[in-house]
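Here's the structure, in structure tokens; my notes come after.
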Amino acid sequence: MAASLEGVQVRVEHDGDVVAARQKGREMAAHVGFSGSDLTIIATAISEIARNIVVYAKRGDVTLAPLTEGSRRGLLVVAQDTGPGIPNIEQAMRDGFSTGKSLGLGLPGARRLMDEFEISSQVGVGTTVTMRKWVR
């Protein structure tokens, strides 16, 4: 794990790294000012995205950083990998769609849990998921 003023980067290659990314995200979210169920929501979204890295791309990074926008505070989560990429993002964002043996709820579930969600992917290059959650 690399730490900087901007945030923390967690290398994700194994199931244990998914747990580490989730824990670091929860810690940073608490530090930013999130509490209660928001901490669980953020940790769950991070878990889903990090697990996708392990299952589909084999390795990648989850970067966590505090956000400020005027008086708003929040958390930025960026998951990047150099895996096979997603050929059809629209299809991948549908509940129940999976190219693996999962329920197909990871990406659409993370999108519902966070306030902002962006995904970009190029076949053969990799995928980047950017999520933001704001303190209410």
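Side notes on the structure shown:
- Some residue of the range 17-25 being touching a residue at least 12 places away in the same chain (Cβ under 8 Å), out of contact with any Leu (no Cβ under 7 Å at 6 or more places or on another chain) and in a loop (DSSP other than H, G, I, E, B): no
- In the set (1) modelled with pLDDT of 95 or more; (2) in a loop (DSSP other than H, G, I, E, B); (3) not charged (D, E, K, R), the condition left unmet by LEU64 is number (2).
- Qualifying residue in the range 21-43 (condition: closer than 13 Å to ASP81 by Cβ, modelled with pLDDT of 95 or more and crowded, with 18+ Cβ neighbours inside 10 Å): yes
- Condition met for ARG72 (touching a helix residue (DSSP H, G or I) at 6+ places or on another chain (Cβ under 6 Å) and of a type outside the set (S, T, N, Q)): no
The values are calculated or read from the model by the stated rules, or taken from the named source; none is laboratory data. Please read these numbers as outputs of a predicted model, since none were measured by experiment. We place every Cβ from the backbone using ideal geometry, glycine too, and count neighbours over all the protein chains shown.
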